[in-house]
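Presented below is the structure to which this report refers.
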Amino acid sequence: MSYQKTAVRTWNENILFSALVELTYRCNLDCVFCYNDLGLQGRPMTLDDYQRFFGDLASLSCLHLTLSGGEPLVHPQFFEIAAKGRDLGFVLRIKSNGHSLRGRTLRRLKEEIDPFVVEVSLHGASAGTHDRQTRVAGSFERLLANFEEMSAEGLRFKINSTLTRWNESEIEGMFALAERFGAPLTVDPDVTPRDDGDLSPLDLSATPEGLRRLFSYGRTDDVVRQGDAELPTVDSKKHCGAGSSGIAVDPFGNVYPCVQWRRPVGNLHQRSIRDIWSGNAKLEEVRRLSEEVKRNLARGGPGMFCPGTAEGLTGSPIPGLPLHPSSMSL
Amino acid sequence: MTNDAAIFKPRPDVRFRVVGDEAVIVRQEDAEVIALNDVGASVLSLLDARRSVREVLEALLEQYDVDRESLSSDLARFLSELRDAGVVEEA
C-alpha cells in the first residue's frame, strides 16, 4: 500500500487527514497583503477547547496538524497548545513569519515541540523589498539571522513566499537565499483576497511578466498554492481535498473546508469536529462542488485552479467564470 | 532473532495513524513516509511500549486465523524490518 493510495482514499472516502488551525490573528509583522480577516469576532478557542478538538482529530485518524495564524508563536499559550498536538502524535507543521524564531523561543520549539517542519515566510531577497511588505523595519536582517540560528539549532524548516509585483524581480535571489540556508523554497503565484472579501491585496498581485519569470525559472515544482501543499496530487474524482480530507479552523472555532475556501461549515464551540465532519449538508455541498470543479477543468481550463479563491473572487467555486487576471494568465 | 520478552515502541520521531485498515507512518528525521497494510497496521498498533513480543503474538492470534509457528516467524521478521527501517526500537 503506497502513501499515494492512502491519500486517494482520504479524498474519496472523506477521511479527515489534515487540519490547519489558525491560533490567533495577532502578528508581530504587518504584511501589506495579509489575507486574515482582522475584524472577525467571536469567542477564542481555549486550551481545553484545543485539547478536545485535537483528541477528536486524532480519533478520526487525522495525521497532519498545521498551526498557523496570524503569527502562531505570539499566541500566549502556543507552547501548551502545540505540546498537546505533539503528545497526540500529529505530524506538526508550524507556519510562522520567523520573526521570533530565535534564542529561547527557538530552543523551546525544537526541544518541547519538535515539529516536522516550520514553514517561514520570505518576502523578498533584499531588505528594501522584504521590509516594505512586512512594514517592519529590520525584519529582513532579523530573519536572515534567525535562519542562521535555526540551521545551527537543527530545526527543520522550509521557506514560503508569495509572488508580488514588489518581489517578482527578486525570484532568483530568493531561491539563492533558500539554497544558502539549505531550505526548500515554495512560491505561491497568487496574492489572495482578504478573508472578509476585501480585494485590495490583489493590487499587489504579480504582473504577467513576473509570473512568466517565475514559471520560466525552471522551478515549477516549487510553485504551489497555499492550500495545495498538504497532500500529493492524487487520482480522484475530486479536484482537491478541501472538506474531504482537510479542514481549516479560525481562532474562534469556525470550521472551513480549507484555508482558502472560507465557507463556514460549523463552529467548534457548538459542535465537535466529529459531528461537523459527518452528516453535514454544507460539507457535502463542498465535496459535490469539488467533483464538479474537476469535471469542468477536465473540459479545459486553467491548469492551476483553487475553488476557494475563485469563490472569494467571483462568488462561485466553479471554473469558467472570470477570474483575476493573474489566474487567467496561468 | 527477536527475544519474546522484548518490548518495542515507535521511535520518538515516528508519527503514525491507522487509516481504515492501513497505517501511514511518517519518520520525521528523514521526512520519509511509509505505508503498511492491514496486518502491519495491527502489529504497529500493538507496539505500545507495554506489550512484549509474546503478548503481541497472542493478540494477533486472536485477530487472524493462522498457525502460531508461522505467525511467530512472520512477526519476528516484520519487527526486524521495522527496526531496520527506523520505525521502532526496543523500549
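Annotations
- At a probe radius of 1.4 angstrom, the accessible area of the protein assembly as shown per residue rounds to 43 square angstrom.
- Charge tally in the Cβ shell below 14 Å around A:ASP195, where Lys, Arg are +1 and Asp, Glu are -1, A:ASP195 excluded: -3
- Under 5 Å between amide hydrogens, built in the peptide plane, is the criterion, and for A:HIS269 it picks out nothing among residues at least 5 positions away or on other chains.
- Rg to Rh quotient for region A:9-132, alpha carbon positions, Kirkwood Rh: 0.99
- Positions from region A:1-44 whose accessible area shrinks by 30 Å² or more when the full protein complex is built, not the chain alone, probe 1.4 Å: A:MET1, A:TYR3, A:THR6, A:ARG9
- Residues of region B:14-41 that bury at least 30 Å² of accessible area once all protein chains are present, compared with their chain alone (1.4 Å probe, heavy atoms only, ligands and nucleic acids left out), are B:ARG15, B:ARG17, B:VAL19, B:GLU22, B:VAL24, B:VAL26, B:GLN28, B:GLU29, B:VAL33, B:ALA35.
- Cross-link partners of A:LYS5 among lysines, defined as those whose alpha carbon lies under 18 angstrom from its own and excluding same-chain residues fewer than eight positions apart: A:LYS237, A:LYS238.
- Solvent-accessible area assigned to carbon and sulfur over region B:36-91 amounts to 42 percent, based on a 1.4 Å probe.
- Surface composition of chain A: carbon and sulfur make up 49 percent of the accessible area, probe 1.4 Å.
- Seen from every direction in turn and averaged, the convex hull around the alpha carbons of the protein assembly as shown projects onto 21.2 nm².
- For chain B, the Cα-based Rg and Dmax, in that order, read 12.4, 37 Å.
- In order along region B:73-87, phi translates into HN-Hα couplings of 5, 5, 5, 4, 5, 5, 4, 5, 5, 5, 5, 5, 7, x, 8 Hz, rounded to whole numbers, per the Karplus curve 6.51 cos²θ - 1.76 cosθ + 1.60 with θ = phi - 60° and x for Gly and Pro.
- Neighbours of A:THR134, meaning other residues whose beta-carbon lies under 14 angstrom from its beta-carbon, give a summed charge of -1 when Lys and Arg score +1 and Asp and Glu score -1.
- List of region A:91-139 residues, accessible area with partners at least 50 Å² below that of the chain alone (1.4 Å probe): A:PHE116
- For the chain pair A and B, buried accessible area totals roughly 1600 Å², probe 1.4 Å, rounded to the nearest 100.
The values are calculated or read from the model by the stated rules, or taken from the named source; none is laboratory data. In this text, all values refer to a predicted model and were calculated from it rather than measured experimentally. Glycine gets a Cβ as well: all are built from the backbone with ideal geometry, and neighbour counts include every protein chain shown. Ligands, DNA and RNA are excluded from the accessible area calculation, which covers all protein heavy atoms including side chains. Shrake-Rupley method; radii C 1.70, N 1.55, O 1.52, S 1.80 Å.
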